[in-house]
Amino acid sequence: TRTIYAPVNLNEFDPAAVTINESKLRSSLGIAPDIPVVGTVGNINPIKGHKYLLRAISRVVDAGQSVAVPIVGARLDSRESYFEELKSLRSELGLQEQVQFVGFRSDIPELLSLFDVFVLSSIAEACPMVVLEAMAMNCPVVATDVGGVPEEIPDSDHGWVVPPKDSDALAQTIAAALDDPEECRRRAANARERVESMFSLEACVDRHEELYRSLVEET
């Protein structure tokens, strides 16, 4: 078998081309200046593992780290009870000031530019495009070891991968990333290069062409 990955639009997710008014964007999200931003993007769905993220953030805050956590994603009518469960958990953990459910947003490249760390806390995935989009935007990624994530982030040179459903490991890794901006920049730069070489539209086209040519040659 051969794997051909869905491509990332590197023209849209290009840190050199995306400019933001950081103070305005922070204000729109209710985030104070100079507070580290740990964000996630995905529909409000149990498979995204938001409750594990909330518990991880509680541990990060309890350890003395200031952080803002915008949870970006549409509320699904079929998952309204799950959304209410998350709000209750946020209150139980005392995270009303840190965690905001900001709903659907169309400015994902700009948000990824703002995030100091992007987190995927999913308990299951296929090949999550949002991880590749974050990597393309030079945004350091902490993701759970589900689905195609290990193929996207194969080692510690390109991001951080933690076990799913493990809030302690997630908290420790988020804290480690926030404590080491230089390492974040190193891994993020490597991640951008990986997306360019393996997950771009050009790479996708090349793999299709190689596959078709090989089939023709075999016949």
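The values are calculated or read from the model by the stated rules, or taken from the named source; none is laboratory data. As the structure is a computational prediction, the values presented were derived from the model and not from experiment. For neighbour counting, all protein chains shown are included, and Cβ atoms are generated from backbone atoms with ideal geometry for every residue, glycine included. Accessible surface areas use protein heavy atoms only, side chains included; no ligands, DNA or RNA. Shrake-Rupley method; radii C 1.70, N 1.55, O 1.52, S 1.80 Å.
A compact table of results
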read-out	value
Relative contact order, percent, the range 113-197 [alpha-carbon distance under 8 Å, six or more residues apart]	32 percent
Environment charge at GLU151 (Cβ cut-off 12 Å; Lys +1, Arg +1, Asp -1, Glu -1)	-3
Gain upon complete extension [ALA189, VAL18; 0.36 nm per residue less C-alpha separation]	60.0 nm
Separation between Cα centres of the range 3-29 and the range 54-104, rounded to whole Å	23 Å
Heavy-atom accessible area per residue - the range 80-219, 1.4 Å, Å²	48 Å²
With Cα atoms, 0 to 90° folded angle of helix 201-218 axis to the chain main axis	40 degrees
The range 4-82: GluC sites (Glu not before Pro) falling in loop per DSSP and having at most 13 other Cβ within 10 Å	GLU12
Per residue, in Å², the accessible surface of the range 18-73 once ligands and nucleic acids are set aside, probe 1.4 Å	43 Å²
Cut-off 9 Å between beta-carbons: net charge of the residues surrounding ALA177, Lys and Arg +1, Asp and Glu -1	-3
Given 16 as the ceiling on other Cβ atoms within 10 Å, longest exposed-site-free region of the chain for trypsin sites (Lys or Arg not before Pro) in DSSP loops	3-104
Length released on extending from ASN43 to SER66, taking residue separation times 0.36 nm less the Cα-Cα span	5.7 nm
At R0 = 30 Å, FRET efficiency that the Cβ-Cβ distance of VAL102 and GLU196 yields, to 0.05	0.55
Cβ-derived FRET efficiency at R0 41 Å, LEU215 paired with SER28, nearest 0.05	0.25
Charge sum, other residues only, whose C-beta stays under 11 Å from ILE4's C-beta, Lys/Arg counted +1 and Asp/Glu -1	-1
Carbon and sulfur %, accessible surface of the chain computed with the full protein complex present, 1.4 Å	46 percent
Neighbour-limited loop hits for GluC sites (Glu not before Pro), the range 88-131 (at most 15 other Cβ within 10 Å; DSSP other than H, G, I, E, B)	GLU97
Largest-first principal axis extents of the Cα set of the chain (Å)	64, 35, 30
Extension reserve of the SER81-ILE4 stretch, reckoned as 0.36 nm per residue once the Cα distance is removed	24.1 nm
